[in-house]
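What follows draws every value from the coordinates through simple rules; no lab data is involved. What you are looking at is a predicted structure, and each value in this text was computed from that prediction instead of being measured. Heads up, the Cβs are rebuilt from the backbone with ideal geometry, glycines too, and the neighbour counts pull from every protein chain shown.
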Amino acid sequence: MKITVILILAFLIVLISCKKKVEKKEDVPAKTEQKVSTKSENVSILEKEFVIDGLNDISHKVWLYLPPNYDSSEEKYPVIYMHDAQNLFDDATSFVGEWDVDGTLNALYEKTGKGFIVVGVENGGEKRIEEYTPYKNEKYGGGKGAIYIDFLANELKPYIDKNYRTETNSENTAIIGSSLG
């Protein structure tokens with residue numbers, strides 16, 4: 001009889017302690033993992049956002065990397081236009097991890113003294129295929145790549161050339177992306 005009472009008490013203590021632990025877990029707010037910004041000081045986002053006429057109604061942010069010596073020189077720089085700006089410079093905004101373009105170019109500058117301006121255009125998220133592909137696909141959509149390229153050449157490049165010290169000729173202008181970009 002004593003053993004039965006002891007077992008029942010032990011069972012109740014375990015049951016009560018488990019219930020309290022569950023209640024405590026519910027009281028604690030769930031942690032959401034926030035990524036920490038990793039962009040360099042010489043990376044910024046332009047105040048001006050661009051809605052690309054005929055493409056979609058999404059406002060595209062434009063990221064700008066300036067060489068480490070930009071403010072202390074009068075030099076003009078080659079310009080690299082890159083797609084998927086969310087991924088280029090900052091782990092906090094990247095889809096699956098940043099590409100460390102700013103870190104790589106800062107290290108190149110330190111080693112060689114060679115500087116570049118990088119202009120990164122954010123993609124339109126769910127509209128990315130539409131923006132980057134030249135042909136329409138029944139399943140995936142797309143087909144507005146020419147409008148996007150026209151925006152780069154006829155609106156964004158002139159804006160950058162007007163507002164920053166750039167080498168404006170084609171020999172000093174590049175366009176880079178990955179996968180669809």
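Some notes on this structure:
- Note on the range 43-176: lysine pairs with Cα distance below 27 Å, sequence gap of 8 or more or different chains, count 27.
- Rounded to the nearest 0.05, the FRET efficiency derived from the C-beta distance between Asp150 and Lys111 at R0 = 30 Å is 0.25.
- For the range 43-176, alpha-carbon Rg over 2.2 N^0.38 Å: 1.09
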